Amino acid sequence: MAAHQTILSSPTHVSSAPAAMAATLNFDANSTLRNAGLRSPVPHSESKQLPAMFIEADKNQRSSEDSWEASEHAELEVPVLDLEVLNSGPDKLGQRQELVKAMAKACQKWGFFQVLNHGVDQALIDRCEVEAHRMFALPLEVKERVHRPPGTSFGYGANTWVNQKVLHWAESFHMQLHPTSNIHEMAAKLFAEGDPNQFSSAVEAYMTAVEGLAHRLLELLTEGLGLEPRHFSQYLEKERMISMRFNFYPPCPEPSLAIGLRAHTDPHLLTILHQDSVAGLQVQIHDKWVTVKPRPDCFVVNIGDLFQVLSNTMYKSVLHRAFVNSSSQRLSLACFLNPPLNATVATPPELITPEWPQIYRPFTWLEYLKNAYLYHPITGADRHERFFLTMGIQQLPSARRPPSDLAAMLASSGSLTNAVLISAFLRGSKLPDMFVEVEDDRADVCTESLELLDIPVIDLSKLSTGEEADRQTVVHAMAEACEKWGFLQVSNHGVDLRLIERCEAQAHRLFELPLEAKERAHRAPGEKFGYGANTWVDQTVRHWAESFSLQLHPYSNIAEYASTLFESDYEDFSETLEEYMGAVEKLARQLTELLAEGLGLLPTRLNHYFEDATMTSMRLNLYPPCPQPELAIGLRAHTDPHLLTILHQDNVVGLQVQINEQWITVKPRPECFVVNVGDLLQILSNKRYKSVLHRAIVNGTSKRLSMACFLNPPLSATIVAPDELITPQRPRIYRAFTFQDFLSNAYTHHPKGAERPEQYHLAQA
């Protein structure tokens with residue numbers, strides 16, 4: 001264990017965290033330590049108390065009440081299948097058929113089985129385990145050479161999902177063999193002072209052997225569906241995707257409070273796992289967690305989401321998790337088998353009958369992969385349901401059916417897509433469950449009785465008088481508003497009101513299109529632009545809204561979307577929106593100079609953020625009347641991860657700003673623009689200007705339209721407060737970073753966003 005006791009007993013290893021906090025294990029998943037924790041091992045200290053950042057919610061903790069040990073329930077032991085019969089020759093054909101049936105039965109009931117006499121040399125398995133232990137025993141600063149940044153697939157770090165605030169009690173290392181191996185490259189960085197080939201050759205030989213086993217299993221599983229053994233072989237041929245993850249679970253001081261890996265299904269074709277002799281893997285059967293007995297002479301095989309789809313749900317992709325213990329470390333090696341990115345995943349016609357109709361529409365593996373991690377892993381069924389076809393739903397076994405309101409929506413609207421989720425329930429008397437917010441996120445207001453308050457309204461016509469006193473009046477008013485509110489409104493802003501009205505008319509024209517027309521430009525999960533829903537990574541409840549996002553700079557996609565949406569006169573749409581966004585961008589440059597001056601800087605001090613490769617985008621938001629507005633939200637509380645946001649709203653109430661923990665409703669003024677400070681400007685101002693929480697509420701009678709323009713610097717721009725703002729009384733608060741770095745983290749935390757600036761705090765501030 002000595003090699004592992006370096007993380008927090010030597011706080012200097014946590015370079016981005018305050019040393020005192022690290023030394024006392026005073027962890028908070030929402031603190032500046034979170035980012036370091038994402039790519040650092042768990043703290044192997046002598047502390048008997050579990051740090052708060054690893055304490056799971058009660059529902060995710062391991063409980064003896066929801067678990068069964070296989071030794072106590074023999075009928076609940078994951079089947080162990082002997083593959084020796086495959087080496088017995090043609091005279092054992094009957095035994096082969098028995099094996100095929102047993103494997104199919106295991107996949108239908110469990111989704112899991114173990115294989116014995118699998119043909120992978122035990123000495124090779126032992127070599128790979130030795131190399132895995134050798135890698136995890138490296139000093140942290142060495143492992144950090146190949147750390148896995150948030151949002152990327154390969155390297156060293158923590159298995160942390162997009163909606164996860166509590167960390168897994170585990171370390172992991174993820175590599176790829178096909179289509180392009182990155183094992184040599186990472187080995188060279190990890191073992192630069194030794195022999196990297198010892199590591200890479202063992203790992204590649206192991207993965208190649210497991211891939212060979214996967215081909216054999218795939219044929220047996222395919223045969224178990226009544227198909228020709230090689231029917232699915234194309235999924236593991238050219239451009240296939242084969243990867244492996246080493247998982248290391250150290251002893252945990254309070255294992256009942258932590259989890260090694262949360263409950264999830266695998267979004268793959270097949271997973272082939274080798275675990276050592278320490279118990280840790282559990283599979284959910286009949287709402288109980290069954291511990292899989294460790295057998296180092298076996299591989300554990302489980303069905304992934306893709307195989308469930310290919311089998312038309314005959315085979316099950318089931319929830320599983322990893323728990324930890326207080327006395328023994330545990331190692332597992334998980335290989336993931338996937339088709340090429342462009343492969344079409346579709347149920348074969350042979351598996352579709354009147355009694356068992358086709359349940360999923362065809363899709364590509366790339367399309368599925370974009371969806372795979374945007375939902376809470378414990379509800380991995382969401383991934384499947386996005387690809388349901390109408391006809392198969394009612395015939396599904398009850399355990400695999402979607403919620404009733406979702407099924408009703410699918411029955412009338414076809415396949416479940418982003419646009420359907422937003423559009424299908426816009427009429428009705430009862431709010432569907434998928435839109436009912438938890439109480440903490442509800443608006444708790446009735447728009448008919450709201451007291452409307454004006455955030456500061458600043459008249460920009462004073463800038464045209466030529467009087468310095470008038471200019472300074474505007475400058476000081478803007479600075480005061482940004483320091484107190486983070487929001488202001490501007491009148492006489494120079495953008496032609498007729499242009500605004502034209503843009504609003506085009507926005508309404510878009511939202512009034514038939515659903516199938518809007519779906520031609522639908523925004524796939526993980527993508528920034530197109531038509532769909534404003535849905536965040538940790539969000540299981542939907543916003544009551546439709547939206548459409550477009551970009552003007554660094555390149556415009558407006559004409560492309562317009563030609564996709566409109567069969568005729570698409571130029572009216574694209575030309576109007578481009579003219580509007582160009583005018584708003586010009587206003588943004590003017591406002592930035594005034595805001596810079598309000599900080600005591602030269603007016604042009606921040607202008608370089610609006611030069612080459614500036615990123616300017618717009619989102620059109622439509623909030624339809626809601627049957628139960630007190631239960632829903634149009635847009636959850638959040639801060640904007642931008643420099644500036646310039647919003648135009650119509651005359652319907654909806655925007656709220658949080659001041660002193662109270663929600664203030666912004667009085668609609670169609671002749672004004674609403675301007676708010678984004679996270680980047682808060683950082684550039686050294687926290688003098690505030691990026692504050694805001695949200696959109698809905699009502700039961702009137703639809704509401706807003707148009708939000710987001711102004712951002714180039715991706716390569718360095719975000720750092722100017723030296724002129726740094727004094728002994730107000731030291732530098734945030735470290736320098738690029739906008740690209742910030743953007744890669746922007747949506748991996750709760751959208752309330754306070755974590756985003758805080759993760760760039762400097763220790764002394």
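The values are calculated or read from the model by the stated rules, or taken from the named source; none is laboratory data. Worth saying up front: this structure is predicted, and the values here are computed from it rather than measured. Cβ atoms come from the backbone with ideal geometry, glycine included; neighbour counts cover every protein chain shown. We work out accessible area using only protein heavy atoms, side chains counted, and drop any ligands, DNA or RNA first. Shrake-Rupley method; radii C 1.70, N 1.55, O 1.52, S 1.80 Å.
Restricting to region 626-679, give me the number of residues that are among the aromatic types (Phe, Trp, Tyr) and either at pLDDT below 95 or open to solvent by 40 Å² or more (accessible area, probe 1.4 Å) (or both).
Of the residues in that region, 1 qualify.
Regarding region 568-583, can at least one residue be identified that is within 19 Å of Ser549 (Cα to Cα), part of a loop (DSSP other than H, G, I, E, B), in contact (Cβ under 8 Å) with a residue 24 or more places away in the chain and open to solvent by 10 Å² or more (accessible area, probe 1.4 Å)?
The answer is no; no qualifying residue exists.
If you go through region 91-127 one residue at a time, how many are within 20 Å of Val318 (Cα to Cα) and outside any helix (DSSP H, G or I)?
6
Using beta carbons and a limit of 6 Å, which pairs, at least six apart or on different chains, have the first residue in region 180-207 and among the acidic types (Asp, Glu) and the second one in a helix (DSSP H, G or I)?
Glu204/Ile183
Could you please give the count of residues in region 269-295 that are open to solvent by 10 Å² or more (accessible area, probe 1.4 Å), in contact (Cβ under 8 Å) with a residue 40 or more places away in the chain and part of a loop (DSSP other than H, G, I, E, B)?
6
Please determine, by comparing only the residues of region 201-256 that are touching a Gly at 6+ places or on another chain (Cβ under 9 Å) and within 24 Å of Leu341 (Cα to Cα), which one is surrounded by the fewest Cβ atoms within 10 Å (Cβ to Cβ).
Taking the candidates together, the pick is Gly212.
Listed here are the residues, each with its yes/no results for (1) over 24 Å from Pro250 (Cβ atoms); (2) among the hydrophobic types (A, V, I, L, M, F, W, C); (3) modelled with pLDDT under 95.
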site	(1), (2), (3)
His147	no, no, yes
Gly151	yes, no, yes
Tyr156	no, no, yes
Gln164	no, no, yes
His168	no, no, yes
His178	yes, no, yes
Gly194	no, no, yes
Ser200	yes, no, no
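Mind checking which residues of region 448-466 are at pLDDT below 95 and of a type in the set (Asp, Glu)?
Selection gives Glu448, Glu451, Asp454.
Only one of Ala214, Ala188 is touching a Pro at 6+ places or on another chain (Cβ under 6 Å) and modelled with pLDDT of 90 or more. Can you tell me which?
So the residue among Ala214, Ala188 that is touching a Pro at 6+ places or on another chain (Cβ under 6 Å) and modelled with pLDDT of 90 or more is Ala188.
Condition first: at pLDDT 95 or above and among the hydrophobic types (A, V, I, L, M, F, W, C). Now tell me which residues in region 597-621 satisfy that.
Those that are at pLDDT 95 or above and among the hydrophobic types (A, V, I, L, M, F, W, C): Leu599, Leu601, Leu602, Met618, Leu620.
Could you pull out the residue among Pro722, Pro757, Pro713 that is closer than 22 Å to Met618 by Cα, out of contact with any Cys (no Cβ under 6 Å at 6 or more places or on another chain), open to solvent by less than 20 Å² (accessible area, probe 1.4 Å) and at pLDDT 70 or above?
Residue meeting the stated conditions: Pro713.
How many of the residues in region 676-718 are free of Cβ contacts under 8 Å to residues at least 40 places away in the same chain and over 24 Å from the mean Cα position of the chain (by Cα)?
Qualifying residue count, region 676-718: 1.
Which of the residues that make up region 462-496 are touching a strand residue (DSSP E or B) at 6+ places or on another chain (Cβ under 6 Å) and either open to solvent by 70 Å² or more (accessible area, probe 1.4 Å) or within 17 Å of Pro668 (Cβ to Cβ) (or both)?
Once the filter is applied, which keeps residues that are touching a strand residue (DSSP E or B) at 6+ places or on another chain (Cβ under 6 Å) and either open to solvent by 70 Å² or more (accessible area, probe 1.4 Å) or within 17 Å of Pro668 (Cβ to Cβ) (or both), region 462-496 yields Phe487, Leu488, Gln489, Val490, Ser491, Asn492, His493.
Determine which member of the set Glu204, Glu193 is of a type in the set (D, E, K, R) and part of a helix (DSSP H, G or I). Walk me through how you get there before you give the answer.
Working: Glu193 fails: part of a helix (DSSP H, G or I).
Answer to the selection: Glu204.
Restricting to region 744-753, and then to whatever is buried (at least 16 other Cβ atoms within 10 Å of the Cβ) and out of contact with any strand residue (DSSP E or B) (no Cβ under 8 Å at 6 or more places or on another chain), can you tell me which residue is modelled with the highest pLDDT?
We begin by selecting, within region 744-753, every residue buried (at least 16 other Cβ atoms within 10 Å of the Cβ); these are 745-753.
Add one more test, that the residue is out of contact with any strand residue (DSSP E or B) (no Cβ under 8 Å at 6 or more places or on another chain), and what stays is 745-750.
Values: Asn745: 69, Ala746: 65, Tyr747: 54, Thr748: 50, His749: 47, His750: 45.
Within region 744-753, the match that is modelled with the highest pLDDT is Asn745.
Being closer than 20 Å to His215 by Cβ and either surrounded by 18 or more Cβ atoms within 10 Å (Cβ to Cβ) or small (Gly, Ala, Ser) (or both) is the requirement here; does Phe336 meet it?
Criteria met by Phe336.
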